[in-house]
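Chemist: Submitted below is the structure of interest, expressed as structure tokens.
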Protein chains: 2
Amino acid sequence: MARWTEAGRSFTDLILEVFRLNGLLLEAGDHLAAPSGLTSARWQVLGVADHGPVTVAQVARTMGLRRQSVQQTADALARDGFLAFVDDPDDRRARRIALTAAGRRALRAVEARHAVWVEGLAARVDLRALRATVAALRDATSLLQSPPPRGRRRRKD
Amino acid sequence: MARWTEAGRSFTDLILEVFRLNGLLLEAGDHLAAPSGLTSARWQVLGVADHGPVTVAQVARTMGLRRQSVQQTADALARDGFLAFVDDPDDRRARRIALTAAGRRALRAVEARHAVWVEGLAARVDLRALRATVAALRDATSLLQSPPPRGRRRRKD
DNA sequence: TTAAAATTGACAGGTACCTGTCAATTTTGA
DNA sequence: TCAAAATTGACAGGTACCTGTCAATTTTAA
């Protein structure tokens, strides 16, 4: 077994802290979305769909998720009246997602709460340190992405 | 709607980067665990149970999860022969989790792969920047935890 | 000492992801 | 041009979380 180095221990700390922060951020997102009858996942889908009528597959690509996951979320949003599916005259396979008035209203409300929340947090941290942290996390992200898993390639779905 | 400040935008970047990194880390964890027939979640449970016979509820508290979630994972691990439940003579409600030989073997193998992986990554980053990043994330974590949601208190379960 | 409170495991059911497969419908490139 | 490839939605089923509830069993505090 490899002996732990200082850097190894520090990187392990980073991993644990990312997990912890991720959980807290998801929780906060749900609290911001809940008053409008949404969850984090549904808010995100509404947010993407807000930029114009899009297909479920397009939303999935934008969010880095599977079509099938977004479909499920979109179906729930449609069931609850936040969005509607519209046939696409140019592609007989596709149905496009369009926000309803209720969907737009809910999205605006969540976005407003979100802005207030983020600004409140941002005001309590040092901007230079914040920027450095974002840069470091981006480095870590590209580090994790850099060695593309040998063997299999990108899947098409 | 609140106008976005520099710090607000930067904090938003931080959030997005944490989400991205979390996804990549989970994926990497699954890749480390898979060769031994485990997933990230099952590896974590085995790891906690390795420190001695523990109840499901104790594991859940250690991991910051619900009893019920850990129970499900533990049942799956027992079904696959990685651990066994043993009656506790001191508490007739409780059954304690004990790793089987196969469970210990799998855990050791995953931990060895994990150590190699972490050290490989850690060697490619600057230690000072890494430490600063961990500290900054810890600040963010405590920032998110500091304002305890008014109204309801800790739940007992 | 004993009644209230907490803990534990178990069960039911929900959310948000995932994979794999299928048929219908574009899009493509030889 | 037209067959192969890709895309899309739909369906089935799996993982890992969650909440709420229940009965059995400790633990506690009056």
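The values are calculated or read from the model by the stated rules, or taken from the named source; none is laboratory data. Just so it is clear, the model here is predicted, and its values are computed rather than measured. FYI the Cβ positions are ideal-geometry reconstructions off the backbone, even for glycines, and counts take in every protein chain you see. Surface areas here come from the heavy atoms of the whole protein model, side chains and all, with no ligands, DNA or RNA. Shrake-Rupley method; radii C 1.70, N 1.55, O 1.52, S 1.80 Å.
Chemist: Buried accessible area between B and A (1.4 Å probe, both chains summed, ligands and nucleic acids excluded), in Å² to the nearest 100?
Modeler: When B and A are taken together, about 5000 Å² of accessible area is lost.
Chemist: Still on this structure, please answer the following. Placing the label point 7 Å from Cα along the Cα-to-Cβ direction, what are the distances from A:R105 to the equivalent spots in the other copies, shortest first, in nm to one decimal?
Modeler: 6.2
Chemist: How far is helix B:127-145 tilted, in degrees, relative to the longest principal axis of the Cα atoms in chain B, given as a value from 0 to 90 rounded to the nearest 10?
Modeler: Tilt relative to chain B: about 90 degrees.
Chemist: For chain B, what is the accessible area per residue in Å², given a 1.4 Å probe and the full set of protein chains?
Modeler: Result: 60 Å² per residue.
Chemist: A further question on this structure: Please tell me the relative contact order of chain B in percent, rounded to the nearest whole number, where contacts are Cα pairs under 8 Å and at least six residues apart.
Modeler: Normalised by residue count, the contact order of chain B is 19 percent.
Chemist: For label points placed 7 Å from Cα toward Cβ, what is the shortest-first list of nm distances from A:P35 to its copies?
Modeler: Those separations, rounded to one decimal, come out as 5.1 nm.
Chemist: Can I ask one more? Leaving out ligands, DNA and RNA, and with a 1.4 Å probe, what % of the accessible surface on segment B:26-110 is carbon or sulfur?
Modeler: Its accessible area is 51 percent carbon and sulfur atoms.
Chemist: For segment A:28-143, what does the alpha-carbon gyration tensor say about shape, rounded, prolate or oblate, given a ≥ b ≥ c as the root eigenvalues, a/c under 1.5 as rounded, and a/b over b/c as prolate?
Modeler: In terms of gyration-tensor shape, oblate.
Chemist: Which residue is it, in chain A, that holds its beta carbon closest to the axis of the A-onto-B rotation, and how many whole angstrom away?
Modeler: It is A:N22, 2, counting Cβ atoms only.
Chemist: Sticking with this one: I need to check one value: relative contact order of segment B:26-110, counting alpha carbon pairs closer than 8 Å and at least 6 residues apart, in percent.
Modeler: Answer for segment B:26-110 is 32 percent.
Chemist: Taking the 0 to 90 degree range and rounding to the nearest ten, how far is the long axis of helix B:6-33 tilted relative to the main principal axis of chain B, both from C-alpha atoms?
Modeler: It is inclined by approximately 20 degrees.
Chemist: State, to one decimal in nm and shortest first, how far the label point of B:A132 sits from each corresponding label point in the other identical copies (label point: 7 angstrom along Cα-to-Cβ).
Modeler: 0.2
Chemist: Let me ask something additional. Which angle between 0 and 90 degrees, to the nearest 10, do you get for helix B:40-49 versus the longest principal axis of chain B when only C-alpha atoms count?
Modeler: 60
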